[in-house]
Each structure stands twice: as structure tokens, then as C-alpha cells.
Protein chains: 2
Amino acid sequence: MEKYSGVSSETHALIKRLEKVWDWMAQEGIALVMLEDSESKRDQNIRWLTGHPNDALLFLSVDRKALLAAWDINLAKIYACKSPVTIVSYNDFDRTPIKALTAAAKTMRIPPGSKIEIPSVTPYPAFLKFVGELTDYDIICREKSAASEISKMRAVKDDEEIAVIKKAAGFTNEIIDLLEKNVKSGKIKTEIDAAMFIQIEARKRGCEGTSFETLAAGPERSYAIHAFPSSTCASFGTQGLSILDFGLKYNGYCTDVTLTFTCGLNPKQEKLVSLVEKASKLTVPMSHNGTQARDIAAAADTFFKKNKKEMPHGLGHGLGLQEHEYPLIRNKSDNDWVLEPGMIFTIEPGLYDPILGGCRLENDILITQDGYEVLTSARIINL
Amino acid sequence: MEKYSGVSSETHALIKRLEKVWDWMAQEGIALVMLEDSESKRDQNIRWLTGHPNDALLFLSVDRKALLAAWDINLAKIYACKSPVTIVSYNDFDRTPIKALTAAAKTMRIPPGSKIEIPSVTPYPAFLKFVGELTDYDIICREKSAASEISKMRAVKDDEEIAVIKKAAGFTNEIIDLLEKNVKSGKIKTEIDAAMFIQIEARKRGCEGTSFETLAAGPERSYAIHAFPSSTCASFGTQGLSILDFGLKYNGYCTDVTLTFTCGLNPKQEKLVSLVEKASKLTVPMSHNGTQARDIAAAADTFFKKNKKEMPHGLGHGLGLQEHEYPLIRNKSDNDWVLEPGMIFTIEPGLYDPILGGCRLENDILITQDGYEVLTSARIINL
């Protein structure tokens, strides 16, 4: 691969990403794009494009300039230091998107009459305000936006990203083995023991943390798809079904796995577990370049239906800077994702019963040129 | 207070809240309101109105009916059991808001031509779809929405809520004392030690967890407003300034405090700490019934400006089911919140310097009939 002269490989990767977006803007005739990451509207596209993790606006102009208005300018100077982006303080615009956009349009010399795209998640009432304030421009807000295009670009990981996720998966697998050992030895006795063990082991390995709050549900609570609260002082790994759903976040990239621990099951519980394991064995090998993601999810739904069960959630989802991203592995008619090499996603069949408890088995799959690779080693663990 | 006959006090409190919303709907001439809580758009109004914590749509009709479409129906049956709401499975509508709304309008017999309000955070492109599909109705999406009205109602806590938050604050204060002891004794040596200690102590006390990921930043990282990552294996409480920002979540309600630990400071660092402490002492006593929240925040900004410093964030925010809610304690011209008895909010002056490090001091304040009560005991701790 051709490298930019005098530029680090990280900078090169970031520039390559920005160029894809600038090319898309030129095609679409958009002069300026605003991306926003804030507490109420997270957008990891900014991290993907600049390295800066959160709380910022990113302005991209079609003449190939980039301006980052960061809430925490000290943090931005460190995290976005490999990016060609210009960094300014979001506080200079009262932390108000309309003010920042108005200033960016001026600084970046966007000609009046040009198209400016604001995020597709902009609420309808806020959209009206943008239109009312930036009267010199044609304000665009649509589903097929820069943010959605970038999110789609992110579905196929480049070599650098795959290397990071493989490292995160390696850590995840080490922790899975330790969890098995410590639940079996009785060192981990409660849900919170399991959740805290993961947090500590993750950070010992240099992870940013977990990719979401670990869901540790002992037999009394595993009936819930996503246990609430996420973990308590209740027993874990005692008689019945215990679910442990966790992921690591390493250099921004997420893993996501679910183990089920079983102990002294009755025949109905054994049947539940067996069906989930079979659904996993049925669907994981369907993961190939060119496969319709919908078909994999449909296979799981059909299998459960045949066995008079119903899975109350989708079969899987992409993984990357977010724990839930493209491609969707869902049995919905509008899901037209087709698997490609470089895509990384979960496959996570699960069944839940208010009396028997729940069982889920979730692993992370990488699509390769000639098949797939299961990156993680989540499993049903019999105690 | 008059009680409904044969109804528990919890049910009574939930009905009272629903009635406020139904009254508002009648005034506004709205036949049906949809509220949504999903991964990408959290809305704790649903929990406030029904007890159900997350991942659901709530439909309220002006003829005083309520329908909860919950993703996890098993969880809803437990958490919303005190509510008069009818519970259905969101899966019956393919987990698609438009399908669920269409079905709710039919089930709840909303007459054609009526006004139906969808969340004010509905993205502009999604708004167009609702309008395109529900052609029999007048679809309303505006800033002054049911959700924003309910969020405003929530700014003043009732006696039950104050009791819960006081209990959470008591736990928070116990943990603050333990943190001081354990950092001083050397039992807590790293950021992750501090963060994990809080998690474990929170859940031991029956909390749902922390109200957000604990931000533990040792001297190398305290320059950031919100340290990123939230905690690492770096030293904590060693020479310089260490920030610890955390909150507990108890029965749904949040606390939020920040301690700064100091050790062997140079004169510039001492000055920074002294200014933050002074700003706290200046502004907390301004918390009275009838005070403009903006004026308190302006007093802090003016004080820092006089001392040639600038605080890069707002002075505080309301606390309740969310860690950030109304009232806003910000120095912005459009902030017209006036303090009232029952309001609970943070006051959290802070200063950050890339070389010196950062200092923030955050406590939770309750407005009473004749003044204020500082519920938490966060402080500057000299090691």
C-alpha cells in the first residue's frame, strides 16, 4: 500500500478515512458536513476519523479541511494528535451546535447557497432552528447522511482495526478462562464478584474498560434478556442458569460475548440450553462472504420456531468502536446487509423463561476471504 | 394527603404522576402521547410514570389509559406491577415505533383527525415517516412536548423521591469516608482500585450500581474535565491533584459527587484548589427558593474570571432518575430555571490545567422551604 511521505501509519489511516468522506461529499454536492458526539447523541464516527474519543463537533468541508470543536481541548490535543484536523474549543461557541456551525461555515469559507449537512438524528424541532438561523445555506438533514455513510464504511474493518479487535478478543478469551476457573473454585460467588473481576482484569491488560456495563445474572434473574440491575449481590453459578454478558474495550474497539453457567439443571432447562447451543452451531458456520445477514438470523428464528420457542431479540450485530454497529444480523425484511471480508459481528442466540431462567451464547465472528474466524471462546460452562 | 382507596402508596404516587400528564394532554388537546426509551434515546420519564426501567414505549391516551410496550415483558411485569398500565410485548410490533404507534392508536380507539404527539427527539427524517404512515392523524413533534413537560415536572421531587435520594446520599457519604481512609492507608493505590471499591461498596448497600462510570483520574490525567478512559491502572492520590467523580444509583435515583485528593502541591496547584473551594463556598449558600439558577452559575464564572481563570463547564445540574436533569445550573441567557423547594442539583466548580492537573468539588444540594441542605459530604482531601 502506498504511504504518504513523512507521515505515520496512524496518520495515514486517518487521512484515508477522511478522504473517503470527502469523496462522498463531492459526489453528493455537499459543501460542509457537521458530525456531533454529545452525551445524548453518541457518534463514534468522530473517533474513527480523528482519534478524539468523545464530546465534540467535527466539521468537514468538501475542499478537504477538517475542524474539530472539542469540549475538552486538552484531551483533543492528545487523542487527535495523529489527525490532520484543526482543533478549536467548543466552549468558544457556548457549546451550542448552531453557533459552532455558523462559525465553522465562516472560517471554512463555505460559499452562500451551498449545501450543509447536519446529523440525521437532529430532532425535528432542532432542524427547524438550524434552517431558521443559517438562512444563507441549504440545510440538509436526511437518513442517507454522512454519518450513516461513515457508519456503513466502518462495517468493514481495515487491517489495523482487525489487529486491535483480535488483541481485545485475546484478552476476552483469557478472562473467559479465568472466569471458568474462578466460578468453579468458588472464588467468584456473586454477580458482582463476576462483574468486578472482569473490570479489574480488563484494566490490568490496558483496556479502556468494558464495552458496556457487564450483565451478570444468577439463576434468579437470568430470565431477563438484559438483567436489570446489571449486577447485584445475588448468587452466581448456583443451581440453575446464570448468564454473563460482557465485552472489553481496547484502544476504542469492543468485544461482546455471553457465557451461560449451568448447575444441576432439570430436563426443561437442559432442553433450553441444548437448543441455544444448536442454534449457535447452526448459524455460525453460515458466516461467509456474500451471505445475506438476514438469512442467518432467519435460520435461528426458524429453528427455534420448529422447537416451539421464540427468541425475543435479534441474532447479532456488528462490533467495532461501538458495541452495536453495522452489519445488522437481524431477521427483518429491510435488513439487506451482505457479509464481506473484514466484517466483525456477534452471533448470540438466546432463550428466556420466567421460571426456567435464561440461556444465551454469544461469540464474535470475523469474515475472512474464504470463510470465517470465531475470535472469542464463549461457551456453556457446566459447573 | 388523600389516598385512593385500596391502592398502595406506590401505586398512588404513580397514578398522581400519570394524572398530571393526562391533565396536560387535555389542556393541549392531544389525544395520544408516545414516549420512547431505547438504547439510542434514553427517556427516564417512562420509569417515573410506570416503574419500568428501560427499553419500552409508553402510550398515554387523553381518556386516561396507559399502554406499555416493553421489549422485555418479563421484566416489565415485575417493575411495572404497581402501575395501572397495560403491558404488551414490543416484539409484537417488530420492535418498530411506527408499527407500535399504529396499533396503539387502534387499540386505544383514538379518533381519526386527533393529535398524536411523538417524542421531540424524533429525528427529522423519522418524523417524515410517521407523518407519511399515520395519515389519519395529526402528528405533532415539538420542543414543548409531553416528554419535556414531564422532565420539568420531575425537577421538583416529591417526598418519596427525596427520601430515596437522601438514602442514596447517605450511602455516598459512607463511601466518601471509606475512600478517604483507604487512600490514606494505601489500600487504594490506583485509579481502578478507587473505581472498583466504589462499585463493590455501592452494590453491597443494595444500589443498582453507580449512576455513571466512575471517573478516577490520578495526577497524570486530572487535567481532563472527564478523564478518558474513565479509570486506568495509573497511580491515584500520589503527588499532585487526583479527581474522583462518582455517583450511586439507588432505586433508580442518582447521586453525583466529586472529591479532589491533593498531595505535596506546589503554590500554583494550591492556588487552583483554593479557588475551587472558594467558588464552592460562594455559590452553595446562594441556593434558595426563588433564586435564579443562572445567577448562581454566573457568580462562579465571575469569581473565576476575576482570578484570571475559566471554568470550561456549567456549574451544576439537577439530579434524579438521571444523573443530568432539570434544573440547569448554567450561566446561559436562555436558562430561566428558578429554584423551588424539592429541587435537587449539583454544584461543582472545577479548574483544569494541562500542567498543574485539575480540581473539582461537587456536592448535591436540596432546596428546602427556608434554605438548602447539602446532602453529600464531598471535599478536598489532603494526603
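The values are calculated or read from the model by the stated rules, or taken from the named source; none is laboratory data. Values in this document were obtained by computation on a predicted structure and should not be read as measured data. Here the Cβ is made from the backbone with ideal geometry for all residues, glycine too, and neighbour counts use every protein chain on show. Keep in mind that these areas ignore ligands, DNA and RNA; they rest on the heavy atoms of the full protein, side chains included. Shrake-Rupley method; radii C 1.70, N 1.55, O 1.52, S 1.80 Å.
Given the structure, is A:Ala66 outside any strand (DSSP E or B), in contact (Cβ under 8 Å) with a residue 12 or more places away in the chain, over 22 Å from B:Pro229 (Cα atoms) and away from chain B (no Cβ under 12 Å)?
Answer is no for this residue.
Report the residue count in the stretch A:243-283 for those that are in contact with a Ser or Thr (Cβ under 6 Å, 6 or more places away or on another chain), surrounded by 24 or more Cβ atoms within 10 Å (Cβ to Cβ) and outside any loop (DSSP other than H, G, I, E, B).
Going through the stretch A:243-283 one residue at a time, the tally reaches 7.
Restricting the search to the stretch B:1-51, which residues are within 18 Å of B:Leu75 (Cα to Cα), open to solvent by 50 Å² or more (accessible area, probe 1.4 Å) and without any contact (Cβ under 8 Å) to a residue 40 or more places away in the chain?
B:Glu39, the sole residue that qualifies.
Being open to solvent by 10 Å² or more (accessible area, probe 1.4 Å) and not aliphatic (A, V, I, L, M) is the filter; apply it to the stretch A:191-202 and report the residue that is nearest to the other protein chains (Cβ to nearest Cβ).
Per the stated criteria, the residue is A:Gln199.
Hey, could you check the stretch A:219-233 for residues that are of a type outside the set (A, V, I, L, M, F, W, C) and in contact with a Leu (Cβ under 9 Å, 6 or more places away or on another chain) and say which is surrounded by the fewest Cβ atoms within 10 Å (Cβ to Cβ)?
It comes out as A:His226.
If the Cβ limit is 7 Å and pairs must be 6+ apart or interchain, which residue in the stretch A:162-189 that is within 22 Å of A:Ala13 (Cα to Cα) pairs with which residue that is among the small types (Gly, Ala, Ser) and open to solvent by less than 10 Å² (accessible area, probe 1.4 Å)?
A:Ile162/A:Gly342
Per-residue answers, yes or no, for (1) of a type in the set (Val, Ile, Thr); (2) at pLDDT 95 or above; (3) under 27 Å from B:Leu14 (Cβ atoms):
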site	(1), (2), (3)
B:Leu60	no, yes, yes
B:Ala70	no, yes, yes
B:Asn74	no, no, yes
B:Arg95	no, no, yes
B:Ile110	yes, yes, yes
B:Glu117	no, yes, yes
B:Val121	yes, no, yes
B:Phe127	no, yes, no
B:Gly132	no, yes, no
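Among the residues of the stretch A:52-63 satisfying the criterion of being without any contact (Cβ under 8 Å) to a residue 40 or more places away in the chain and in a strand (DSSP E or B), which is nearest to the other protein chains (Cβ to nearest Cβ)?
Out of the qualifying residues, it is A:Ala56.
Name the residues in the stretch B:222-252 that are in contact (Cβ under 8 Å) with a residue 40 or more places away in the chain and within 11 Å of chain A (Cβ to nearest Cβ), would you?
B:Ser222, B:Tyr223, B:Ala224, B:Ile225, B:Ser231, B:Thr232, B:Cys233, B:Ala234, B:Lys249, B:Tyr250, B:Asn251, B:Gly252
Kindly evaluate A:Val257 against the criterion of being among the hydrophobic types (A, V, I, L, M, F, W, C) and in contact with a Cys (Cβ under 8 Å, 6 or more places away or on another chain).
Judged against the criteria, A:Val257 is not a match.
Of the conditions (1) in contact with a helix residue (DSSP H, G or I) (Cβ under 7 Å, 6 or more places away or on another chain); (2) more than 28 Å from A:Phe236 (Cα to Cα), A:Ser333 clears all except one; give me its number.
Of (1) in contact with a helix residue (DSSP H, G or I) (Cβ under 7 Å, 6 or more places away or on another chain); (2) more than 28 Å from A:Phe236 (Cα to Cα), only one is false for A:Ser333: (1).
What is the number of the single condition among (1) at pLDDT 95 or above; (2) more than 30 Å from B:Asp193 (Cβ to Cβ) that A:Leu244 does not meet?
(2)
Quick one: in the stretch B:203-213, of everything that is on the phi < 0 side of the Ramachandran plot, open to solvent by 10 Å² or more (accessible area, probe 1.4 Å) and assigned to a loop (DSSP other than H, G, I, E, B), which residue is nearest to the other protein chains (Cβ to nearest Cβ)?
Filtering the stretch B:203-213 for residues that are on the phi < 0 side of the Ramachandran plot, open to solvent by 10 Å² or more (accessible area, probe 1.4 Å) and assigned to a loop (DSSP other than H, G, I, E, B), the one nearest to the other protein chains (Cβ to nearest Cβ) comes out as B:Glu208.
Would you point out which residue out of A:Gly357, A:Gly314 is open to solvent by less than 20 Å² (accessible area, probe 1.4 Å) and without any contact (Cβ under 8 Å) to a residue 24 or more places away in the chain?
Checking each option against the conditions leaves just A:Gly314.
Taking the stretch A:328-359 as the region of interest, how many residues are within 26 Å of A:Thr262 (Cβ to Cβ) and small (Gly, Ala, Ser)?
3
Does A:Ile87 satisfy the condition of being assigned to a helix (DSSP H, G or I), of a type outside the set (Gly, Ala, Ser) and open to solvent by 20 Å² or more (accessible area, probe 1.4 Å)?
no
I'd like to verify a number: residues in the stretch B:38-49 that are within 14 Å of another protein chain (Cβ to nearest Cβ) and out of contact with any strand residue (DSSP E or B) (no Cβ under 6 Å at 6 or more places or on another chain), how many?
Counting residues in the stretch B:38-49 that are within 14 Å of another protein chain (Cβ to nearest Cβ) and out of contact with any strand residue (DSSP E or B) (no Cβ under 6 Å at 6 or more places or on another chain) gives 7.
Given (1) among the basic types (Lys, Arg); (2) under 22 Å from B:Gly264 (Cα atoms); (3) touching a helix residue (DSSP H, G or I) at 6+ places or on another chain (Cβ under 6 Å), where does B:Lys181 come up short, assuming only one miss?
(3)
Looking at (1) surrounded by fewer than 18 Cβ atoms within 10 Å (Cβ to Cβ); (2) part of a helix (DSSP H, G or I); (3) more than 12 Å from chain B (Cβ to nearest Cβ), can you tell me which one A:Lys77 breaks?
For A:Lys77, the exception is condition (3).
I need a count of the residues in the stretch A:336-354 that are open to solvent by 10 Å² or more (accessible area, probe 1.4 Å), within 14 Å of chain B (Cβ to nearest Cβ) and in contact with a helix residue (DSSP H, G or I) (Cβ under 6 Å, 6 or more places away or on another chain).
Residues meeting the conditions: 1.
Have a look at A:Thr238, A:Thr302 and point out the one that is outside any helix (DSSP H, G or I) and hydroxyl-bearing (Ser, Thr, Tyr).
A:Thr238
Considering the stretch A:127-175 alone, what residues qualify as being among the aliphatic types (A, V, I, L, M), within 13 Å of another protein chain (Cβ to nearest Cβ) and assigned to a helix (DSSP H, G or I)?
Answer for the stretch A:127-175, where residues must be among the aliphatic types (A, V, I, L, M), within 13 Å of another protein chain (Cβ to nearest Cβ) and assigned to a helix (DSSP H, G or I): A:Leu128, A:Val131, A:Ala147.
Could you please give the count of residues in the stretch B:99-126 that are among the hydrophobic types (A, V, I, L, M, F, W, C) and within 12 Å of chain A (Cβ to nearest Cβ)?
Looking only at that region, the number is 3.
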